[in-house]
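J.: Dropping a structure here in structure tokens format, bear with me for questions.
Please treat every number below as a calculation from the coordinates, not as lab data. Here the structure is a predicted model, which is why all the values come from computation and not from measurement. Heads up, the Cβs are rebuilt from the backbone with ideal geometry, glycines too, and the neighbour counts pull from every protein chain shown.
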Amino acid sequence: MFTTNLVYKLANDPVKCPPAVLSLPASGKESFREVSQCFDRVALLQNILSIAGWAFLAISVAGRLNNGLARIIAVVSILLFGYTPQLAEWDSVLGAEPLAFSLFSTTIALTILVVFHVAESEHPFERMSDKLLAAGWAISLFFWSFVRDAHLYGVLTTFLLVAATLVLNKKIRKHRPIVVMEVVLLGMFLLGYVSARASYRAGLPLINAIDEYIWPHPARVEFFRAYGMPDRATPEYLDWANKSAFKAYGSFLITHPGFIAMTVWEYRDYFSSDFSQAYFPTDDLEYREILLFIGGLFHIENHAVFLFDAILLIGLIGGALKYRTADRFAWAWLALWMVAVAGATLFINFIGDIYNTRRHVMVGVEWFRLFLWIFLMPYLDLILSGRAVRET
């Protein structure tokens with residue numbers, strides 16, 4: 001959580017910066033939104049990052065389309081996704097979620113630029129401007145990955161996907177800058193992993209998950225006994241949890257896919273939730289209801305969005321394999337990357353703790369909803385420009 005802590009240094013003075021307005025919606029306590037000394041700078045920064053990030057993403061997607069109308073639709077769709085209350089109101093909440101949204105929208109935009117550059121260039125990252133692009137992408141990914149510990153698995157997923165690309169593509173494998181990027185990704189993940197494992201916050205969620213999913217079931221307890229788990233009430237339990245719970249729980253998840261499937265099914269409503277913030281009342285905000293309605297058209301609160309995403313992903317990969325053009329490979333790689341990163345972070349946030357689960361899964365679910373509005377655009381571009389007809 002380096003990024004979150006860094007941002008909150010803006011309000012790190014107990015005398016000049018008294019605690020902000022406290023709101024606990026889970027306990028039924030909502031406070032009206034107020035300007036709090038020092039914390040207003042945090043909220044301002046969150047809003048600036050959000051506005052810039054969504055605008056940058058909209059421009060980056062539109063810049064890869066050929067048809068003018070498709071570009072307009074892409075910009076409008078992405079901006080309405082990011083600027084309507086479903087997400088925009090979170091920028092007034094002091095927490096990790098606003099940074100998770102704004103920094104990842106920026107990271108997606110930079111990833112689009114990097115991937116298309118690699119796909120279309122014979123000698124990627126030779127010019128200084130290209131090197132600066134790669135550096136900007138790495139910096140953005142770094143700050144996003146350290147917003148929450150679960151984001152580190154998005155970095156690991158990116159590393160594995162780039163590694164697979166290097167193995168399968170001889171053209172890309174011979175370019176040294178891409179290998180350097182892999183080293184940076186691996187270092188980023190290891191740094192975050194080691195620091196997270198050394199902190200108290202990494203062990204507590206696992207203890208909560210084991211209390212909920214393991215202890216009530218004798219057969220599951222026996223599995224954990226093989227990893228040396230002592231009785232819950234013994235003094236040795238916390239020491240074991242800090243040293244061995246991660247390995248034991250990870251092994252359990254790998255060897256028990258049925259448990260994962262049943263748990264996902266039991267809590268499936270989380271994945272079609274309305275994630276509008278509940279931290280401050282909004283009844284007096286003018287035009288909010290109409291803006292919520294508009295936002296609801298883009299934040300699809302239905303499990304079908306995952307099916308639509310899968311159809312788009314399969315179509316993009318199939319098109320890349322059939323036509324083998326640079327732009328089709330780029331779109332397919334980007335789609336696979338976004339599904340993998342969103343899926344990894346969503347899975348870790350969902351299965352790794354039992355408290356505040358709805359808020360924790362929100363970011364991953366919203367990325368799957370955003371996926372639809374990004375990767376629908378290449379199809380729309382093909383149709384409107386007439387290329388789809390010519391290529392069939």
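J.: So how strong a dipole does the range 2-391 carry about its Cα centre when Lys and Arg Cβ are +1 and Asp and Glu Cβ are -1, to the nearest 20 debye?
T.: Once rounded to the nearest 20, the dipole reads 1500 debye.
J.: Determine, for T234, T158, the number of other Cβ atoms within 10 Å of each Cβ, and report the residues in order from fewest to most.
T.: Ordered by Cβ neighbours within 10 Å, fewest first: T234, T158.
J.: Could you work out the relative contact order of the chain? I mean the mean sequence separation of Cα pairs under 8 Å and 6+ apart, divided by the number of residues, in percent.
T.: 23 percent
J.: Further question: Which one of G203, G95, G250 has the biggest mean-square fluctuation once the chain is modelled by GNM with Cα springs under 10 Å?
T.: G250
J.: Can you tell me how the range 301-392 classifies by the Cα gyration tensor, rounded, prolate or oblate, using a/c under 1.5 as the rounded cut?
T.: prolate
J.: With Cα Rg over 2.2 N^0.38 Å as the read-out, I listed [x] 1.04; [y] 1.31; [z] 1.11; which label goes with the value calculated from this structure?
T.: [x]
J.: Could you work out which residue, out of Y193, Y287, Y237, moves most in a Gaussian network model of the chain, that is, has the largest mean-square fluctuation with Cα springs under 10 Å?
T.: Evaluated over the chain, the most mobile residue of the options is Y287.
J.: Can you pick out the pairs among K171/K322; K174/K322; K174/K247 whose Cα atoms lie more than 28 Å from each other?
T.: Result: K174/K247 exceed 28 Å.
J.: Something else about it: Take the Cβ-Cβ distance between A164 and K131 as r, set R0 to 35 Å, and report the resulting FRET efficiency rounded to the nearest 0.05.
T.: 0.90
J.: Give me the net charge of F189's neighbourhood, meaning all other residues with Cβ under 15 Å from the Cβ of F189; Lys, Arg count +1, Asp, Glu -1.
T.: Details: positive: R148, R197; negative: D149, E182.
With Lys, Arg at +1 and Asp, Glu at -1, the neighbours total 0.
J.: What's the center-to-center distance, using Cα atoms, between the range 340-371 and the range 225-293 in Å?
T.: 9 Å
J.: GNM on the chain, C-alpha springs below 10 Å: top fluctuator among I78, I374, I260?
T.: I260
J.: Now a separate question. Using a basic spin-label model with each label point 7 Å from the Cα along Cα→Cβ, how many nm lie between R288 and S92?
T.: Distance between label points: 0.7 nm.
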